[in-house]
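A.B. asks: Before we start, here is the structure in question, set down as structure tokens.
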Amino acid sequence: MSNAPMSKEELKQAKKDAKNLLKKPFYKKWWFWLIIVIVFIAIGSGGEDTPVTNDKAETPKTETADKKEPAKKEEPKVASIGEVVTVGDVEFTVNGTSTAKNVGGQFGSNAQGTYLLVDVTVTNKGNEAITTDSSFFKLKVGEKTYEADSTASMHTDMELKFFLQQVNPDLSNAGTVVFDVTDEVIANPDLMLQVQTGFFGTETGLIKIAK
């Protein structure tokens, strides 16, 4: 190979060729199109984003089959006249019933309807004294409730057996509770006497007193 220095004309031509090579548009260069092809391949192979799923996602909670059902309320035992009904530590017995238009005579009470007199015995089977009062007794006919007439009860029972009377353990208290009601109530075949222990009536029992 000749190491002879280039002539001025050859040097000038070489610079001109190099300058023309540098001025060649970049899109006419092979490496530009190679980059374009690589970019399109990358875009095409990327695909759509796949949503990430959580295999541990919680499933809706359902009620278990072994869930305890609410306890069914037991129907209270219904006694009859002459039978004992026990409420807590107290025994109640209705000995009989009668009717009247007046109790206590001239200075007593007159009924607005008809007095129903209920003869009741209360026995304390507990370990402490209890209080008995006419307000612990109510008449029941269906959904209707009738309160005792405390004034008529006092006129009927001058010893006030059912006026805040205390009864010690193993003792009994017998007296009469009076209700002022209509003859239709007295004749109703579903007539009940509701008895309870205490002023708040947390425990109750039923005695059928219809004739």
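Throughout, read-outs are computed from the coordinates displayed, never taken from laboratory work. Bear in mind that the values here come from a model prediction, so they are computed numbers and not experimental data. Backbone-built Cβ (ideal geometry, glycine too); neighbour counts: all protein chains shown.
A.B. asks: Amide H to amide H, which residues 5 or more places from I209 or on other chains are under 5 Å from it, using H placed in the peptide plane?
C.D. replies: Placed amide hydrogens put M192, L193 under 5 Å from I209.
A.B. asks: Further, regarding this structure: If packing is taken as the average number of other Cβ atoms within 10 Å across a peptide's residues, how do 106-119, 172-185 rank, most packed first? Please report the intermediate quantities before stating the final value.
C.D. replies: On the way: 106-119: 16.1, 172-185: 18.6.
Highest to lowest by the protection proxy: 172-185, 106-119.
A.B. asks: Would you mind computing, in nm to one decimal, how far apart the modelled labels at S150 and I35 are, each placed 7 Å from Cα along Cα→Cβ?
C.D. replies: Each label point lies 7 Å from its Cα, and together they span 10.5 nm.
A.B. asks: Grab the other residues whose beta carbon is less than 15 angstrom from that of N168, score K and R as +1, D and E as -1, and report the net.
C.D. replies: Working: positive: K125, K161; negative: D89, E91, E128, D170.
Once all neighbours under 15 Å are counted, the net charge is -2.
A.B. asks: Then there is this: Around D89, under 15 Å between beta carbons, what's the net of Lys plus Arg minus Asp minus Glu among the other residues? All intermediate terms of the calculation are to be shown ahead of the outcome.
C.D. replies: On the way: positive: K125; negative: E91, E128, D170, E203.
Summing Lys and Arg as +1 and Asp and Glu as -1 gives -3.
A.B. asks: Taking a threshold of 22 Å on the Cα-Cα distance, which of the pairs K138/K211; K77/K101; K125/K161; K125/K211 fall above it? Intermediate values should be presented prior to the final figure.
C.D. replies: Numbers: K138/K211 17 Å; K77/K101 32 Å; K125/K161 18 Å; K125/K211 29 Å.
Exceeds cut-off: K77/K101; K125/K211.
A.B. asks: Express in nm, to one decimal, how much length is gained between A174 and S80 on full extension, taking 0.36 nm for each residue of separation and deducting their alpha carbon distance.
C.D. replies: Details: separation 94, 0.36 × 94 = 33.84 nm, distance 1.72 nm.
This chain segment gains 32.1 nm when fully extended.
A.B. asks: A follow-up question, please. What nm value, rounded to one decimal, do you get for the distance between E143 and T131 when each label is placed 7 Å out toward the C-beta?
C.D. replies: Inter-label distance under the simple model: 3.3 nm.
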